[in-house]
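The values are calculated or read from the model by the stated rules, or taken from the named source; none is laboratory data. Bear in mind the structure is a predicted one, so any value in this text is a computation, not a measurement. Calculation scope for accessible area: heavy atoms of the full protein, side chains included, ligands and nucleic acids excluded. Shrake-Rupley method; radii C 1.70, N 1.55, O 1.52, S 1.80 Å.
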Amino acid sequence: MNIRQARVEDLPGMQACNLHNLPENYTMKYYLYHALTWPSLSYVAEENGRIVGYILAKMSAPEEPEEHDGPEKIEQLPHGHVTSISVLRSYRRLGLAKKLMLQSQEAMSTIYHAAYVSLHVRKSNRAALNLYRDTLGFTVKSIEEKYYADGEDAYAMQLTFNNQP
């Protein structure tokens, strides 16, 4: 099993993995946008040349400063966002999702000096929640009602990096 940075030629395999596992699907243009704009943030897990998992991630620019400088200040810092992560069912419980997350988080922190990483997860996705919260240390920041196309709510989660003062 090999975890490596995603390349443009991996995008069809990443999309196939997404279509096989997740109800939220993206156009090839969207994968290409991520790959060309933030080439160091997306990774694949491959076995014998087959993409069996991936993480698609991006950087978000700081928001406009607020008039106050309270706890919301962290929102004004550059941060990463996990757009999508998926591992084929027969390759789950091997630690691939954790490895993909850690690779992308490291790049966000060291290359882009991200203050934190955010993501959304279905409230019903217990396995992902356990990974994000219990294994990786994410916290739930809010619940976004009807976030998904089918009307399911999402947890908006965040992990602050230690490279910030």
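Tabulated results
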{"read-out": "Pair-distance profile P(r), taking every C-alpha pair of the chain, with 10 angstrom steps and integer %", "value": "10, 38, 38, 11, 2, 0"}
{"read-out": "The stretch 83-165: Cα Rg divided by the 2.2 N^0.38 Å rule of thumb", "value": "1.13"}
{"read-out": "Helix-only [θ]222 nm of the chain, DSSP H runs n ≥ 4, -39500 (n - 2.57) each, per residue, nearest 500", "value": "-7500 deg cm²/dmol"}
{"read-out": "Estimated vicinal HN-Hα couplings, Hz - the stretch 2-16 in sequence order (Karplus 6.51, -1.76, 1.60; Gly, Pro = x)", "value": "10, 10, 8, 4, 5, 10, 4, 5, 7, 4, x, x, 5, 5, 4"}
{"read-out": "Top of 117, 52, 140 by mean-square fluctuation, Gaussian network on the chain, Cα under 10 Å", "value": "140"}
{"read-out": "Accessible surface ranking that places the most exposed of 153, 10 first, with a 1.4 angstrom probe", "value": "153, 10"}
{"read-out": "Nearest-10 value in Å² for the accessible area of residue 120, using the 1.4 Å probe", "value": "50 Å²"}
{"read-out": "Chain lengthening between residue 148 and residue 37 when straightened (0.36 nm per residue, less Cα-Cα)", "value": "37.5 nm"}
